[in-house]
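The structure appears right after this line, and notes come after that.
Coordinate-derived values only; no laboratory data. This is a predicted model, so every value here is computed, not measured. With ideal geometry, Cβ positions are generated from the backbone for all residues, glycine too; neighbour counts draw on all protein chains shown.
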Amino acid sequence: MALAITFYDALTTANVPPDKAKAVVHAWEAEVENLASKADLKQVETHLTQSINTLGVELRASIKELQSALREQAADQRSSIRVLQWSIGVTFLCVAAPLIRNVFGV
């Protein structure tokens, strides 16, 4: 309130009519109510910091879960590749053995 009176006095000293000075002070007071205080900003900063930290923990946990799932999939694929290699080898022998027998008369 003291700041509003000082503001009003400064306006009237600058030859602003009193009714217009009051209107300016009232408009200024209405706008000042919407401004955040240092305490408000500190509270928001604390809340945002906590939220970021929580999201970081969740993100790290999700990454670890994905790594584990990828490792399992890689192990399954290595097993499948091993079976495929053996299948191709056996198939080659099944085709090559009769072919060699016919070519060399063994």
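One residue is enough: does segment 76-89 have a residue meeting the conditions of a type outside the set (D, E, K, R) and touching a helix residue (DSSP H, G or I) at 6+ places or on another chain (Cβ under 6 Å)?
Residues of segment 76-89 that are of a type outside the set (D, E, K, R), as a first pass: 77, 79-81, 83-89.
Next, from what is left, pick out any that are touching a helix residue (DSSP H, G or I) at 6+ places or on another chain (Cβ under 6 Å): none.
No, every residue in segment 76-89 fails to be of a type outside the set (D, E, K, R) and touching a helix residue (DSSP H, G or I) at 6+ places or on another chain (Cβ under 6 Å).
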Could you tell me whether any residue of segment 40-55 is acidic (Asp, Glu) and within 29 Å of the chain's Cα centre (by Cα)?
yes
